[in-house]
1. Identify the residue in the stretch 109-120 that is surrounded by 15 or more Cβ atoms within 10 Å (Cβ to Cβ) and part of a loop (DSSP other than H, G, I, E, B) and, among all such residues, is modelled with the highest pLDDT.
2. Residue pairs, Cβ under 7 Å, 6 or more apart or interchain, first in the stretch 78-100 and in contact (Cβ under 8 Å) with a residue 40 or more places away in the chain and closer than 18 Å to Tyr136 by Cβ, second polar (S, T, N, Q) and surrounded by 20 or more Cβ atoms within 10 Å (Cβ to Cβ). List them.
3. Looking only at residues that are basic (Lys, Arg) and farther than 27 Å from Ile4 by Cβ in the stretch 143-168, which one is nearest to the chain's Cα centre (by Cα)?
4. If the requirement is being charged (D, E, K, R) and modelled with pLDDT of 95 or more, which of these qualifies: Glu173, Glu154?
5. Condition first: within 21 Å of Phe171 (Cα to Cα) and of a type in the set (Phe, Trp, Tyr). Now tell me which residues in the stretch 1-59 satisfy that.
6. What's the number of the condition Arg127 fails, among (1) assigned to a loop (DSSP other than H, G, I, E, B); (2) more than 13 Å from His10 (Cα to Cα)?
7. What helices (runs of 4 or more DSSP H) lie completely within the stretch 1-103 and have 2 or more residues being under 17 Å from Thr113 (Cα atoms), within 15 Å of the chain's Cα centre (by Cα) and aliphatic (A, V, I, L, M)?
8. Listed residues Glu130, Glu96, Glu73, Glu123; which is in contact with a strand residue (DSSP E or B) (Cβ under 6 Å, 6 or more places away or on another chain) and farther than 28 Å from Lys157 by Cβ?
Amino acid sequence: MSGIKHILMHTCCAPCLVAPYHSLSEGGMKITAFWFNPNIHPYTEYLKRKEALVSFAEKEQFDLIVLDDYALEEFLINTTGDIGNRCQYCYSVRLEKAAEYASRNGFDAFSSTLLYSRYQKHEMIRRMAEDAANKYDISFYYEDFRPLWGKGIELSKAEGMYRQQYCGCIFSEKDRYLGKK
C-alpha cells in the first residue's frame, strides 16, 4: 500500500511483534504498538505479556499505546455461549478497537500481530480487520507475517522475551494443557 508511513499495530505479545516490527521498520514504516487484549487469562499472564511488550518498546524506542482494560467478565459473557467460536468475538473486539484508535489519532493504517501466528484463523482475522477498517474509515495494512515465524522465535529467544505457551484466553489455556477434544 503506497502512502502508508505510520501503522498502529495491534499487538498481542512481544514475541509476535518482534519479526514484523523489524521487517516493517526496515521497510521504512514507523510502527506504534497498540496493547488491547482483554482476553488474556489469568491476570498474571496478562501482566507478563504486557511487561514483555513494554520492555521491548523501551529497548527499541518505539511508541506503545496501552489500553489497560482487563475486561475478563465482558470477554466471558461474549464467549461462553459459543466457546467453539470464541475467536470470532476475540478478534473482532481487538481489531475494532485498533481501527477506531488509528482512525481517531491520525495513523495511516492499522494492522495486527495476529497475522503472524500460524495458530490463528488468518482469513477470519483479515476479513474482520477489513470490516473494521471500513467501519472506521481507516486503511488496513495486510501482510501475511507467517513466513516470519521462525525468525520471530529466534529473535524473541535472543532477546530473552517472555514466551507464552497458549493464545491467551482461559479456553486456549485449557486446550494447550489438557488437549483439544
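1. Tyr116
2. Filtered contacts from the stretch 78-100: Arg94/Asn37; Leu95/Ser112; Ala98/Ser112.
3. Arg163
4. After applying the criteria, what remains is Glu154.
5. Trp35, Phe36, Tyr43, Tyr46
6. Evaluating Arg127 over (1) assigned to a loop (DSSP other than H, G, I, E, B); (2) more than 13 Å from His10 (Cα to Cα) leaves (1) as the failure.
7. In the stretch 1-103, 14-26, 43-60 are the helices (runs of 4 or more DSSP H) which contain 2 or more residues that are under 17 Å from Thr113 (Cα atoms), within 15 Å of the chain's Cα centre (by Cα) and aliphatic (A, V, I, L, M).
8. Glu130
The values are calculated or read from the model by the stated rules, or taken from the named source; none is laboratory data. Just so it is clear, the model here is predicted, and its values are computed rather than measured. Cβ: placed from backbone, ideal geometry, glycine included. Neighbour counts: every protein chain shown.
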